[in-house]
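Read the structure below first, then the notes.
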Amino acid sequence: MKTIGWKRMATALVILLLIVALAGCGAVQSSPSANSNQNAAQTSQKGKTIKVALIPKAIGIPYFTGAEQGAQSVAAALNIKLTYNGPTTLSASDQVSMINSYVAEGYNVIAVSANDPTSLAPALKAAMKKGVKVITWDSDTVPDARQFFVNQATVDGIGSTLVKVVADHFKGKQTDVAILSSTPSNTNQNQWIDAMKKTIADKYPNLHIKTIQYDQGQPSTGVSATENIVKGFPTVKAIISPDSVGLPAAAEAVEKLGLQGKIYVTGLADPVVMKKYVDDGTVQKYVLWNVLDLGKLTMNVARAVADGTMPTSGTFKVKGLGDFQVNNGQVLLGLPMIFDKAATDKYNF
Amino acid sequence: MKRSKFFANWSYGIIAVFLLEMVILSSVTPKFLSNLLPMTENFMPIGIMALSMTLVIIAGGIDLSIGSVVSFSGVIMGLLWQHGMNIWVAGLLAVLIGGLAGFINGQIIVRTGIQPLIATLATQFIWGSLAVVLSNQGSIYGFPGSFLLLGTGFLYGYLPVQLVIFVVLALLFAYLLNKTVFGRQVLFIGNSESVSAYSGVNVNRVKTWTYVLSGLTAGLSGVIMGSFFASVRGDMGQGLELTVITGCLVGGVNVFGGAGTIVGAAFGVLLLGMLSQGLNFMNVSSQVQAIITGVILILAVAIQQLGTIFARRRKMTGGEGAGKLRGERRARVE
Amino acid sequence: MKNEPSLFWKIMQSRESFLLGLILLLLLIMLVVSPSFLGPGNLMNILTNCATVAIVALGETIVIITKGIDLSVGATMGMVTLFTGSLALNGFPLAVVILVAFLAGIVAGALNGVLISYLKLPPIIVTLGTLSVYSGIMYVITKGNWVTNLPAGLLQLGNFRLFGFVPAPVVVLVVLLLVSTLFLQFSIPGRHIYAVGNNEASARLSGINIKRVIFSAYLIAGFFSAVAGIFYVAYNGFSTPSTGGNMELDAIAAAVIGGTNVFGGKGTPLGTLLGAILLGIVTGALVFFHIPAVWNLAVEGIVILAAVISDAALYRMQTRRI
């Protein structure tokens, strides 16, 4: 057997790579030339059944399951064949892989809640080039990667509402605040935290964010992180958790430490998860929006985009749901709602 | 020799199963075949990392840190580019940083003698954490258009650039493993570390090099993924290591070391990647896909195990070589 | 031959006292930084917070001693939390819920055990596969929903306090620690577990049923994960389909820091518990020292490295002295 040394192997590797790179440069194109497989969805789909893929950030989260319920409830009436599927973890790359499959399979509309604003952009742009309509919902991408964004509430709206709930409770008193987020790299959470910081700097100089901890999406980590906050930052009097695992976990920990009423807990979470803590008074108010309506509105926008009747600005009327402002491709569901005990009992998502 | 022959047969088996899968998927979903080549873009980095992971596993190691190295080197590339460096130079440096991370893994393992599983688990935590910190918990984006062609471009209009890189690297790694001194040493060490050490192989150096290669391909994958997603994130590589290892093992690489082929690993990754794409086509939800992947992994090793037992039994009844086999078994216990 | 166990014990003891010393040192530093730290409930809180990981890690320790590894323990625990929660929500009596939960863990562990011991498949591959399968099943059980608003009976189980101050998870942890220590050190099957991990060939020659020993190790790990799962959901009050994700890594880390050797044959439940406590205290200490939480994982990685490298160095020193 003829053999050569590993040193020469390494140089050969580098040289070969360079050759490939140079040879390829001239001939590389941004998309495959033979893409005649698409069903040329440029034309209006009016009156026809359309296939819509509703992709959440991850499956197994009540918030997204609620949106799916809303979407399912109107899909048949809108003549939509709906597929709801997402990754099992908050992964942008898994979403890209799914989007590519759905586009290739000939879906008419992709509606995605993006795990990252930029990572999904190339896949979504390629989809639009093939005539697939792309809308985002819940969590947006960069604007040129989609046609419409169904916005449940603006980032600033969510951030300022969360801060306002705390500020209203403490009425100008000097208060130390801790934040319990999901993971350090979660895009939405980080945006909301930035918006909270901005609101505090602009309007509420009496609030001070002392620490940001993470629950890593695990209830027990959320509980122990909250206990660590209480121990490590004894002056903290309020905990804001813009995460649907973190908020119930923080409430659970405060309850265990017997600090109900002494530490104010609020954040973003689903009524069905918060019921226990609202009922026993650990949490008085928290923030969310009508998730069922978000799902319904997304389906209506999907239908209108496929029909070619969706206005890029102005008013979008939906029978049985109301009128919605459309601004430069953003369809606004409304303002975030502050949930109290009555609202918690009313909703089931 | 019988064992390695069986694993060589396994790689033919994998190719056959892969072709069968293609036939089934394209008959179930008509649009599958026409999108075959573009779809590979979704999992080529996994394939690229599986090539070097094959060497690591054959030499008796494992590398759990590659997912974090992908994130880390991707973020480094983004940061260097943000500070004004040419993106291609930044990419090259990122690949080298990946190699350095691999070198550190290798040195920790050969110098302290701690288990590769534990050492790379620890460095996985460290690189992953650093990547998130360095990326300032967000994404870096806006790379020039020419760079994006690396991950999304098509050669002559139909060959994905990623696939071309993968095939070239696969050929290189196959040559490296089968035709070079280094490759034979990797196999030698995997079969018996002490014997190879006594026969003059510099075990520590060869092992370190397998981890360096692993780091280099992880760095390259970070760059390619940065191009494919047009952005880099501190968690972009999270969890990839398990997919890579699964691909290798389905491809017949022996988890105890000493046996495995590049062809097998490459088709192992293609098999799983195409399956996942096909299941997406058929609207199978992610949770069911997870179950299917797990079952396939166990079935793959179970069939390999049965195959080895049969091969052994045939040998035993044949009488010839039975003593040799017992010796081989003793070496495995060692 | 007579001398070996006592030397073995010496090494083990030094390992555990080393960890204990490290933990006390950390506590002392934190006491200085924040005098309120050693309040009556605080130590108990630390122990409670690492209880579920520690219980899972005890099972993992037994598997690692046999020279195996179980990557599916986190998924098994998560699966049990959802089984427990769903059944309790459907109004089944607590005894039935617990029985089914135990059964789920035992079946999960037994499946691993059969594949590994009787079919002789590599542990890392089998449990990597069952990790996918069990976590996939989690989504299927609940159709993606969480278990929450649990009935009072189950919550009481997780929140009762022995003598008014020892929380339920800690009580369970201590019981399991004692049981597994007695089992491993003094029972014949327990000694067989060490024997198999130390040298499978000589264990076989001395007449030990290797297959049964390895099978039982995975079965025990599944059972421990089930116990952890029941108390996880009862204590934390809710669970999601991603509960237990990556917990196998924490469990392996706790075992390894506690002196369990991945090459088999070495490790004790007490060491593992101390390893879990050390990780818990370090995470807590980072909050105390106001270090941003993005560094948590990096520090955990460094602690693991430091522990195994010091262990390897210690072992080399010991063997050189002989």
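So the values come out like this:
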quantity	calculated
Selection from B:Ile262, B:Asn136, B:Ile48 lying farthest towards where the dipole of chain B points positive, charges on Cβ	B:Ile262
Selected from C:Leu103, C:Leu182, C:Leu111 as most flexible by GNM, with chain C as the system and alpha-carbon contacts under 10 Å	C:Leu182
Selected from A:Leu297, A:Leu257, A:Leu268 as most flexible by GNM, with chain A as the system and alpha-carbon contacts under 10 Å	A:Leu257
Distance-filtered residues of region B:43-85 - backbone nitrogen under 14 Å, label point 7 angstrom along B:Leu92 Cα→Cβ	B:85
Order by protection proxy (mean Cβ within 10 Å, highest first), peptides B:121-131, C:217-227, A:98-108	C:217-227, B:121-131, A:98-108
Over region C:178-258 - Rg/Rh using Cα atoms and the Kirkwood inverse-distance radius	1.07
Partner lysines for B:Lys179 [C-alpha distance under 16 Å; skip if fewer than 8 residues away on the same chain]	A:Lys2, A:Lys7
Directionally averaged projected area (convex hull, Cα atoms, the protein assembly as shown), nm²	40.8 nm²
Value of relative contact order over chain A, rounded to a whole percent, pairs C-alpha under 8 Å and six or more apart	18 percent
Amide H contacts under 5 Å for A:Phe339, placed H, 5+ residues apart	A:Tyr286, A:Val287, A:Leu288
Taking chain B and dividing mean pair separation by its residue count, relative contact order in percent (alpha carbons under 8 Å, at least six apart)	33 percent
Cross-link pairs A:Lys129/C:Lys143; A:Lys46/C:Lys143; A:Lys133/A:Lys276; A:Lys237/A:Lys276 - those with Cα-Cα distance over 31 Å	A:Lys129/C:Lys143; A:Lys46/C:Lys143; A:Lys133/A:Lys276
Residue pairs, from the table A:Lys81/A:Lys125; A:Lys296/B:Lys31; A:Lys203/A:Lys262; B:Lys207/C:Lys211, whose Cα atoms sit over 27 Å apart	A:Lys296/B:Lys31; B:Lys207/C:Lys211
Cα-derived Rg over Rh, computed across region A:138-259 with Rh taken as Kirkwood radius	1.00
Check: the protein assembly as shown dipole with +1 on Lys, Arg Cβ and -1 on Asp, Glu Cβ, in debye	2380 debye
In Hz, Karplus ³J(HN,Hα) per residue of region B:88-98 (6.51, -1.76, 1.60; θ = phi - 60°; x = Gly, Pro)	6, 5, 4, x, 4, 4, 4, 4, 5, 4, x
Exercise: per-residue mean of other protein chain Cβ atoms within 10 Å, B:138-149	3
Protection-proxy order for peptides B:299-312, B:56-69, B:31-44, B:231-244, each taking the mean of Cβ atoms within 10 Å per residue, highest first	B:56-69, B:231-244, B:31-44, B:299-312
Estimated vicinal HN-Hα couplings, Hz - region B:202-211 in sequence order (Karplus 6.51, -1.76, 1.60; Gly, Pro = x)	7, 4, 4, 5, 5, 4, 4, 4, 4, 6
C-alpha center-to-center spacing [region A:286-349, region B:15-52] in angstrom	39 Å
Label-to-label distance, nm, for residues given as C:His290 and C:Lys143 (7 Å Cα→Cβ offset)	5.0 nm
Unit charges at the beta carbon, dipole of the protein assembly as shown: most positive-side option, A:Met196, A:Ile55, B:Phe32	B:Phe32
Percentage, to the nearest whole number, of Cα pairs in region B:99-234 over 22 Å apart	53 percent
Eligible lysines near A:Lys275 by straight Cα distance, threshold 19 Å, same-chain separation 8 or greater	A:Lys256, A:Lys285, A:Lys341, A:Lys346
Binned Cα-Cα distances of region B:1-141, short to long, each 10 Å bin given as a whole percent	10, 28, 26, 24, 11, 1
Sequence-distant residues sharing a close amide H with A:Ile55 (under 5 Å, placed H)	A:Ala111, A:Val112, A:Ser113
FRET efficiency, A:Lys197 to A:Asp144 (Cβ-Cβ, R0 35 Å, nearest 0.05)	0.80
5 angstrom amide H check on B:Gly260, placed H, neighbours 5+ away	B:Asn254
Kyte-Doolittle mean at least 0.0 and Cα axial length at least 30 Å: DSSP H helices in chain A	A:6-27
Derived scalar couplings ³J(HN,Hα) [region A:77-91; Karplus, 6.51 cos²θ - 1.76 cosθ + 1.60; whole Hz; x for Gly, Pro]	4, 8, 6, 10, 9, 9, 10, 10, 7, x, x, 8, 10, 6, 10
Relative contact order [Cα under 8 Å, 6+ residues apart], region C:49-321, whole percent	36 percent
Percentage of interatomic Cα-Cα distances in chain C larger than 36 Å	18 percent
Charge dipole (debye, nearest 20) of chain A; +1 at Cβ of Lys and Arg, -1 at Cβ of Asp and Glu	660 debye
Per-pair calculated FRET efficiency, R0 = 30 Å: C:Thr181 and C:Leu89 via Cβ, rounded to 0.05	0.25
Fraction of alpha-carbon pairs over 27 Å apart in chain B - percent	47 percent
Furthest towards positive pole of dipole, C:Ala203, C:Ser239, C:Phe183, structure part region C:49-321, Cβ charges	C:Ala203
Cα-centre dipole for region C:49-321 with unit charges at Cβ (Lys and Arg positive, Asp and Glu negative), debye to 20	640 debye
GNM top mover of A:Lys231, A:Lys81, A:Lys319 - chain A, alpha-carbon springs below 10 Å	A:Lys319
Global geometry of chain A, whether rounded, prolate or oblate, following the gyration tensor of its Cα atoms and the 1.5 cut on a/c	oblate
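FYI, it's all coordinate maths here, none of it is from the lab. Note that this is a predicted model, so its numbers are computed, not measured. So basically every Cβ, Gly included, is an ideal-geometry build from the backbone, and we count neighbours across all protein chains shown.
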